[in-house]
Structures are given as C-alpha cells and as structure tokens.
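The values are calculated or read from the model by the stated rules, or taken from the named source; none is laboratory data. In this text, all values refer to a predicted model and were calculated from it rather than measured experimentally. Cβ sites come from the backbone with ideal geometry, for glycine too, and all protein chains shown count toward neighbours. With ligands, DNA and RNA removed, areas are computed over all heavy atoms of the protein, side chains included. Shrake-Rupley method; radii C 1.70, N 1.55, O 1.52, S 1.80 Å.
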Amino acid sequence: MSKKNNGMHCSFCGRSASEVDLLMPGAEGCICSDCAEHANDIANEYLNKNKSVGLTDIVLNDVPKPKDIMAYLNQYVIGQETAKRYLSVAVYNHYKRLSQQHDDDVEIEKSNIIIVGPTGTGKTLLAKSIAKLLKVPFTIVDATVLTEAGYVGEDIESLLTRLLQACDYDVKAAERGIVFIDEIDKIARKGDNPSITRDVSGEGVQQGLLKLLEGSVVNVPPQGGRKHPDQKMIPVDTKNILFICGGAFEGIERKIALRLNQHVVGYAKNSQQQKVDRERLLHYVAPQDLKSYGLIPEIIGRLPILTNLEPLDRTALLRILTEPKNAIVKQYKKMFEMDGVELSYEEDALEYVVDKAIEYQLGARGLRSIVESIMIDAMFELPTSNEKKFVVTKQYAKEQLMKANFELSKEFS
C-alpha cells in the first residue's frame, strides 16, 4: 500500500499520503483531509455572506402584508385581536423601513411596541409565533437578568448578543433584526418619583436601555454576560432594530382605576363609572399609567405604540386547548400516537380543565400543568400496556388532580 501511495500527493498543499490522515483521489488530482476541511470552512463563510446580503436587500412586495401576518398568528394565538393587529402593522412597517430608498428627506422612524397583559395571556407565544414567519433575525430576551454596569448580572448590551447569535454573528443582518424584551415590568422603579439612591436593576437599567431603543452604536460582548477591558467587542448600530417589549405589570389596574376615578373596591357608582368596563381596565391603559407604575418618561417616549392583551375568558381557554396548530390536546394526542395509542378527551373533561385553570388563576400557561397532572399516570402505564385506545373522562381528571394534590377530597363529597 505504501508503494502504491508513494506517487500521490495533495494537489493543494503538496503533502504526500504519509504526511496526512486521509488523501482522497479525484479525476485529475488529490485532496487531503486538512485541505478539504479548510475548503469547507471557506465555502460556508462565502455562502453565509451571500445569504446575509440577500437578507438586507428586502423587497417589500415579497414580504407578508399586515393581514397575512395576522392570519398566520391566528393559527397559533386565540383571541387578542387588538394586539395581533398592532403587532402585524409594526412588523410590516419595520420591513418598510428596511426597504426604504433614501432618495428624499423623509425618513421613516421605527415604531417600538410595548404590550401589557396578565401572565398566561400569550405575550411570549405571540413573539415565538411571529418569529417563525419573519425574514429578519429575531430573538427573545429577558429583562430580569439585567443590572446597571458594574453590578452582578448582565450588561444591557448583552441583549444584542442573542440577536447576533440568531444570525451567526452577521452584524449587518443583526442591525435589521427584531428583539422581543420580555418581563419589561420587572425593571420598573419602585415608585413614581425618581430614585435618590442607586436602583441597579430598575431605573438604572431603564436609563441604559434608552440608547438601544433610540438607536446608537453600542459595543456588544460576543458571548454575553459582563464586559471586561481585554474583551474584543462587536459594534452594533441599533438604529434599524425593532424592539417589542412585553410585561404583566401586575397591579397596574389600580393605577388605571385611579386615573379613571374608579373605585377599586366598594359599591359606589356614578355616570362616569357606568361607561367604564371595570372587568377590562387594561383596555384603558395609557402611557401615564406606565409612568405611575415605574417606567421613566424617557423610555415610554421611545415605545410609542402601546397595546394590551385581554384576560382570557372560559371560551377562549377552551379554544386554546383544542384549536391552535400547537394546541395542548394535539400535543398529547401526538405523543400517545407515537406509542400506538389513540387518545381522546370527553368534552366535559376539557371544560373541567378550563374551570380549574380559571379557579387557580393560571391563565393559558396553567392549562399545560393541569393536563400534565391528569395524564402523568397514563403516560407512565400505557407505553408498556396492550391498550390501543384511551379516553379521558371528567371523573378520571378529578381523580388524577386529587392524587396530584391539585384538588381536595371535598370535591367528591
């Protein structure tokens, strides 16, 4: 074999077969494993570069229109028509900014959004659903880990690290992306008045976010976390990055009620109170309510579009269980189908799950935990049994929840 390979050498680096791990012959030459790996890296870099160029050259006629975006969201998110409409328009306008030809003095400003809604109403689901549709880099980040520079936690600039990772550190692509900042209410300052001491995870973070939301060149740590002097930074211009913020803003209804001169408790009524739907106070949320809650005026001004998510009623929760493409019931049916078991739910069992979610005030997110508690024994037993069908009844659901300590025995009295 060695004699046979004596005359063979790599056509790229010139090394013989004995000097490399693998030498692959071709029609008119050979290539060694090292050169093949290096060529693969060069090809990937070239292809990714071409892909990013295509990403920045957005043609408006090729992107989904607001009605198309909303129709797509309807497949995954039940209800919340107002929020989906605002989000669809904002994303489409973002594409308009990216495709704008700068041939006049009119420059379209970006329309950052803030979404207010109780936990479990679909803020994160909206963001994840729209991420599947977009042709620009998209990432979801959490505001709770952020602190002021110099304190334990992550710097504000680390928000953009996730965006860079989403597009393989292609800076030009990241500079036209969309960032969803979740839990924005967790960085609210503790009162309506400016803090006289350091508020390292509240007002200080809001001040740091201003330059990102407005648009400026910031130095981003490649791996996220805390910056240090010897680290190589990546400069990113946030002028064309669209920011969507979401938060539960627990207790903001009281701020809205005070502004509307509503009594949060009590039976007093007047003509003005009768015009206000007290069950849907979030519907009346305004920028001044966010200020009262603890957001600084400067950051509110950089989030010009304000919308809300409505609390989910019984009908909406029942639809969430069964209708969306990724519905909870469909997920469990798929899992049992993989074991050759046909799973079905009786209607009163689904209604019972919804009633429990409303009772525990868990929102749509609580539906999964309740169904999981009901199905845990079946998922343990059925894969090794000979049963081919399994029907979940209301009585079975009650027994399983009591076993999981969700329910008390008085349910059966």
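Side notes on the structure shown:
- Only one of L125, L134, L98 that is open to solvent by 30 Å² or more (accessible area, probe 1.4 Å) and in contact (Cβ under 8 Å) with a residue 24 or more places away in the chain: L125
- Flag for R365 being basic (K, R), touching a Ser or Thr at 6+ places or on another chain (Cβ under 8 Å) and either at negative phi or assigned to a helix (DSSP H, G or I) (or both): yes
- Scanning the range 353-378 for residues that are over 20 Å from P311 (Cβ atoms) and surrounded by 15 or more Cβ atoms within 10 Å (Cβ to Cβ) yields V371, S373, I374, M375, A378.
- Scope the range 372-405; condition hydroxyl-bearing (S, T, Y) and either part of a strand (DSSP E or B) or within 19 Å of K356 (Cβ to Cβ) (or both); matching residues: S373, T393, Y396
- Single residue of the range 132-185 satisfying the filter (over 13 Å from the mean Cα position of the chain (by Cα) and of a type in the set (F, W, Y)) that is modelled with the lowest pLDDT: Y151
- Index of the failed condition, I108 passing every other in (1) open to solvent by 40 Å² or more (accessible area, probe 1.4 Å); (2) out of contact with any helix residue (DSSP H, G or I) (no Cβ under 7 Å at 6 or more places or on another chain): (2)
- Those residues of the range 43-75 which are surrounded by 13 or more Cβ atoms within 10 Å (Cβ to Cβ), modelled with pLDDT under 90 and either closer than 30 Å to A327 by Cβ or of a type in the set (D, E) (or both), in sequence order: V63, P64
- L317 meets the conditions (1) open to solvent by less than 10 Å² (accessible area, probe 1.4 Å); (2) in a helix (DSSP H, G or I); (3) over 19 Å from A364 (Cβ atoms) in every case but one. The failed one is (3).
- T307 meets the stated requirement of being within 26 Å of R85 (Cβ to Cβ), among the hydroxyl-bearing types (S, T, Y) and at pLDDT 90 or above.
- Among (1) farther than 14 Å from P297 by Cα; (2) among the polar types (S, T, N, Q); (3) at pLDDT below 85; (4) more than 21 Å from the chain's Cα centre (by Cα), the one test that Q223 misses: (4)
- For T161, the requirement of being open to solvent by less than 10 Å² (accessible area, probe 1.4 Å) and of a type outside the set (A, V, I, L, M) is met.
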